[in-house]
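Asks: Below are the structure tokens for one structure; questions will follow.
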Amino acid sequence: MKNKALIASVAVIAVILVGFFAYQLGQQSNSADSTADSTTESSTVEMKTVGILQYVSHNALDQIHQGIIEGLAESGYVEGENLTIEFQNGQADQSRLNTMSQQLISEGSDVLVGIATPAAQALANATTEIPIVLGAVTDPVGAGLVADLDAPGGNITGVSDQTPVAAVLQLAQEILPEAATVGILYSSAEDNSQAQVAQAQAAAADLGVETKLFAVNSSNEIAQTVQVMAAQVDYIFIPLDNTIANAMETVVQEADAANTPIFPSVDTMVEQGGIATIGLNQFQIGVETGKMAAQILDGADPATTPVYLFTEGETIINSQQAAKLGITIPADIVSEATDLGGEE
Ligand code: TRP
């Protein structure tokens with residue numbers, strides 16, 4: 001009996017020791033790998049790696065990308081000094097986004113950042129271990145990325161760019177008091193647009209305005225869809241939709257041809273030919289995202305780090321575009337707004 005107990009405990013200790021040494025060896029080769037990646041000075045400076053995946057190029061997302069680099073730097077992570085940034089742009093191609101996610105992981109990213117919902121979703125599908133910071137994801141819960149904005153619960157947290165949709169429709173109504181029908185233009189493939197479309201419908205109902213939905217399945221359909229809708233509605237509302245943002249020039253061209261005004265959800269799209277919005281500064285969204293990535297690099301746990309929400313939007317108008325369509329923006333709105341179309 002005694003012998004058996006002795007043999008058993010020796011065996012247990014042996015297993016623990018072997019496990020411990022195997023673990024130590026693993027740790028050593030891990031750190032050997034990471035020093036091999038870094039510069040020759042890596043013995044003094046610890047390099048971190050942030051992998052950024054951007055969904056597509058459009059003005060807003062490009063500004064967010066720049067803001068992220070600034071936010072990291074403001075928090076002490078400077079590219080080339082103590083930080084390596086791996087950047088990939090999926091150009092709206094789902095299979096590329098998946099491949100690039102794997103690539104950013106195999107390059108040893110300490111933190112991953114997804115700019116726009118489809119990019120964040122690709123990263124989320126690729127890892128449940130490495131922390132992911134959401135860069136401008138409109139509806140993190142609806143997109144299936146976090147369980148709760150205050151208590152994300154997993155390896156994901158970040159910054160939402162949710163805008164006050166009801167206030168934008170209210171603004172449209174003040175500028176176009178006669179408007180009776182709003183057409184909503186969005187992409188059926190983007191989860192980020194769903195919540196805002198529902199909000200816009202509810203807000204329009206409150207204002208006694210009829211809504212007509214125009215969902216496009218691909219960017220090829222946009223020109224024709226805008227032609228069709230422009231003939232049926234008093235104005236067009238566009239949520240934070242990447243497919244539409246990427247084709248804004250076409251949208252404006254077709255809407256202008258029918259003299260139909262556009263109220264988007266972001267300053268960049270007002271600048272390109274929208275009338276007005278209440279929106280967020282895109283660079284600032286990036287700065288907050290970069291700061292949060294830095295917090296995670298410093299050891300914060302995404303599971304318990306609340307999603308950052310902006311509380312106030314800025315009123316943005318394009319007086320030149322309004323004049324072109326024969327629309328007068330009331331003076332009280334002009335006086336409090338930033339004019340991106342004015343030439344004075
Ligand atoms: N919020 C969008 C998303 O979740 C991304 C985005 C940020 C965006 N800024 C924008 C889309 C401006 C259109 C226009 O995917």
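What follows is calculated from the coordinates using simple rules that are stated; it is not laboratory data. Given the structure is predicted, the values throughout are model-derived calculations rather than measurements. Cβ sites come from the backbone with ideal geometry, for glycine too, and all protein chains shown count toward neighbours.
Asks: Express as a percent, rounded to the nearest 5, the fraction of DSSP beta bridges in the chain (both residues included) that run antiparallel.
Replies: Of the beta bridges lying entirely in the chain, close to 10 percent run antiparallel.
Asks: Under 5 Å between amide hydrogens, which residues at least 5 positions from Ile52 or on another chain qualify, with H placed 1.01 Å from N in the peptide plane?
Replies: Close amide H contacts, sequence-distant or interchain: Glu86, Phe87, Gln88, Val113.
Asks: Apply the Karplus parameterisation 6.51 cos²θ - 1.76 cosθ + 1.60, with θ equal to phi minus 60°, to every residue of the range 321-338 and state each ³J(HN,Hα) to the nearest whole Hz, in sequence, with x for glycine and proline.
Replies: 5, 4, 4, 4, 9, x, 9, 9, 7, x, 4, 5, 6, 4, 5, 9, 9, 8
Asks: Enumerate the amide H contacts of Gly154 below 5 Å, restricted to partners 5 or more residues apart or on another chain; note that Pro and chain-start residues carry no placed amide H.
Replies: Correct list: Ala147.
Asks: Also: Expressed as a fraction of 2.2 N^0.38 Å, the rule-of-thumb size for a compact globular protein of N residues, what is the C-alpha radius of gyration of the range 215-330? Working shown, then result.
Replies: Values: Rg = 17.6 Å, N = 116, 2.2 N^0.38 = 13.4 Å.
Ratio of Rg to 2.2 N^0.38 Å for the range 215-330: 1.31.
Asks: Aspartates and glutamates within cross-link reach of Lys212: Cα-Cα under 13 Å, excluding same-chain residues under 8 positions apart?
Replies: In chain and number order, the partners are Asp234.
Asks: Going by a ≥ b ≥ c, the root eigenvalues of the Cα gyration tensor, does the chain fall in the rounded group (a/c under 1.5), the prolate group (a/b larger than b/c) or the oblate group?
Replies: prolate
Asks: Further, regarding this structure: How far apart, in nanometres, would the label points at Gln66 and Asn125 be if each is projected 7 angstrom from Cα along the Cα-to-Cβ direction?
Replies: Taking the simple label geometry, Gln66 and Asn125 are separated by 3.1 nm.
Asks: Return the loop-located GluC sites (Glu not before Pro) in the range 147-228 (DSSP other than H, G, I, E, B) with at most 11 other Cβ atoms within 10 Å of their own Cβ; answer none if there are none.
Replies: The qualifying sites are Glu178.
Asks: Now, a different point. Under a 5 Å amide H to amide H cut-off, with H placed in plane at 1.01 Å, what residues pair with Tyr235 once short-range neighbours are removed?
Replies: Answer set, sorted by chain and number: Thr181, Gly183.
Asks: Determine ³J(HN,Hα), in whole Hz, for all residues of the range 76-83 in sequence, where each value follows from phi through the Karplus function 6.51 cos²θ - 1.76 cosθ + 1.60 and θ = phi - 60°; x replaces Gly and Pro.
Replies: Those phi angles translate into x, 10, 10, 4, x, 9, 10, 9 Hz.
Asks: Would you mind counting up the charge near Ala166? Only other residues with Cβ under 15 Å from its Cβ, with Lys and Arg at +1 and Asp and Glu at -1.
Replies: Around Ala166, the surrounding residues sum to -3.
Asks: Here's another thing I want to ask about it. Under 12 Å Cα to Cα from Lys291, which aspartates and glutamates show up? Leave out anything in the same chain fewer than 8 places away.
Replies: Glu70, Glu74
Asks: Using a cut-off of 15 Å between beta-carbons, work out the net charge of the residues near Val209 (Lys and Arg +1, Asp and Glu -1, Val209 not included).
Replies: -4
Asks: Give me a comma-separated list of calculated 3J(HN,Hα) values for the range 228-242, in order, Karplus coefficients 6.51, -1.76, 1.60 applied at θ = phi - 60°, integers in Hz, x for any Gly or Pro.
Replies: 5, 6, 4, 7, 10, 10, 7, 7, 10, 9, 10, x, 7, 10, 5
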